[in-house]
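The values are calculated or read from the model by the stated rules, or taken from the named source; none is laboratory data. Since we're looking at a predicted model, the values are computed, not measured. Every residue, glycine as well, gets a Cβ built from its backbone with ideal geometry; the counts of neighbours run over all protein chains shown.
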Amino acid sequence: MVKCPRCGAEVSPERTWQVISPLPDAYGRITITVLGSFKCSSCGYSWKGKVSTVKVGPEGEVSFGEGRKSKKKGEASGERREGKVIEVDISDILEEE
Ligand SMILES: [Zn+2]
């Protein structure tokens, strides 16, 4: 859930889509940013914004969120899941390219 920037009500996205970063990060992971369009049912304000960020590693491991840039090398092979698990069908996303 995302909060309305105008009135603070919780709003779920009306529509979401993914934007895939063309370059993998230092660990070979591809960053998928999930964007959404929102419309507040409380005040009617509509906007677009980021819903979540998903990183998919070269062996299919998935991590969520940001701010893990300080992660040491050698840790990259460990699968790390944080927050709720969102199932992503990678083949579907790749077909959009
Ligand atoms: Zn609102």
Does any residue of region 55-76 turn out to be at pLDDT 90 or above and not hydrophobic (A, V, I, L, M, F, W, C)?
-> yes
Region 2-15 residues that are under 12 Å from Gly44 (Cα atoms), paired with ones that are within 9 Å of the ligand (Cβ to nearest atom) and among the β-branched types (Val, Ile, Thr) (beta carbon under 6 Å, 6 or more apart) = Cys4/Val11
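A quick yes/no check of all residues on (1) touching a Pro at 6+ places or on another chain (Cβ under 9 Å); (2) within 28 Å of Gly60 (Cα to Cα); (3) within 13 Å of the ligand (Cβ to nearest atom); (4) among the small types (Gly, Ala, Ser):
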| position | (1), (2), (3), (4) |
| --- | --- |
| Lys3 | no, no, yes, no |
| Arg6 | no, no, yes, no |
| Val11 | no, no, yes, no |
| Ile20 | no, yes, no, no |
| Arg29 | yes, yes, no, no |
| Gly36 | yes, yes, no, yes |
Would you check if Gly49 is more than 16 Å from the ligand (Cβ to nearest atom), of a type outside the set (A, V, I, L, M, F, W, C) and modelled with pLDDT under 95?
-> no
For Cys40: the one exception among (1) under 30 Å from Gly57 (Cβ atoms); (2) modelled with pLDDT of 95 or more | (1)
Could you run through region 14-65 and say how many residues are among the small types (Gly, Ala, Ser) and closer than 12 Å to Lys3 by Cα?
-> 4
